[in-house]
Amino acid sequence: MARNELATNIDSRTWCTSGDAAIWAGSGQVAPGGARGFTLVDLLIAMGVVAILTAIAVPSYQSYVMQSRRSDAKTGLLDLAAREERFLSLNPTSYTNVAANLSYPAFPVNLGTAATPDYQLSVVNANATSYLLQAVPQGGQVSDTCGTYTLDNLGNQLNIFPAGNPAQVIAGCW
C-alpha cells in the first residue's frame, strides 16, 4: 500500500496524510519521510512565557544585587570603625579623619569597581571623643531605599534617605 492510499484504523489512531508529511494522528509522532515544525501560535506562546518569566526574574535579581552591595557598604563601615578604634588605642588623644592614619590612600574610599563605585566611605567628623562615618551610595545604588549609611563611635547605625533628611533607622537596612 502506498502512503497516500493509507487510511487504516489501528488502536483508534490513523495515518493522516497531507502532501509529503504523514503524521500518526493522536500520537504527535512524525511518520517516516514526514516533517513537523512549530506554528506561529506555538512561538507566540513561548515568547509570552519567556516575557513573563523575565518580568519576574530581572527585578528580583536587581534587588539581590543591591542587597549584596549594601552588605559591602556595611562591612566597609565596620572595618573603618575598627581602624578608628585601633588608631585611638595607639594614639589615646583623639580619633582621626586623616586617611593615611587609617591605612587608606585618601578619602573618600570607593567600594565596588574603580570605574563605577557602589559606595564611597569617609570620615565625616572625628575629634577627641567621637567619630561619624558614612557610606554614600553611588551609581545604581543611589536609588536604593536604604540611602546613606552612617555609623558613630557608640555603634549607632542609621540611614539617611532621601539625601538631606535627618538620620533615621530604616527597617531592613542594618
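A few points about this structure:
- Residues 70, 83, sorted so that the one with the fewest Cβ neighbours within 10 Å comes first: 83, 70
- Under the simplified labelling scheme, the residue 130-residue 89 pair shows an inter-label distance of 2.4 nm, with each label point 7 Å from Cα along Cα→Cβ.
- Ranked for footprinting exposure by Cβ neighbours inside 10 Å, fewest first, 40, 53 give 40, 53.
- Label zone at residue 68 (point 7 Å along Cα-to-Cβ), backbone N below 19 Å, the stretch 105-130: 111-120
- Extending 7 Å from the Cα toward the beta-carbon at both residue 168 and residue 51 defines two label points whose distance is 3.9 nm.
- Per-peptide packing, taken as the mean over residues of other Cβ atoms within 10 Å, places 58-66, 94-102 in the sequence 94-102, 58-66 from highest down.
Since every read-out is calculated from the coordinates, none of them should be taken as a lab result. Values in this document were obtained by computation on a predicted structure and should not be read as measured data. Note: ideal-geometry Cβ built from the backbone for every residue, glycine included; neighbour counts use all protein chains shown.
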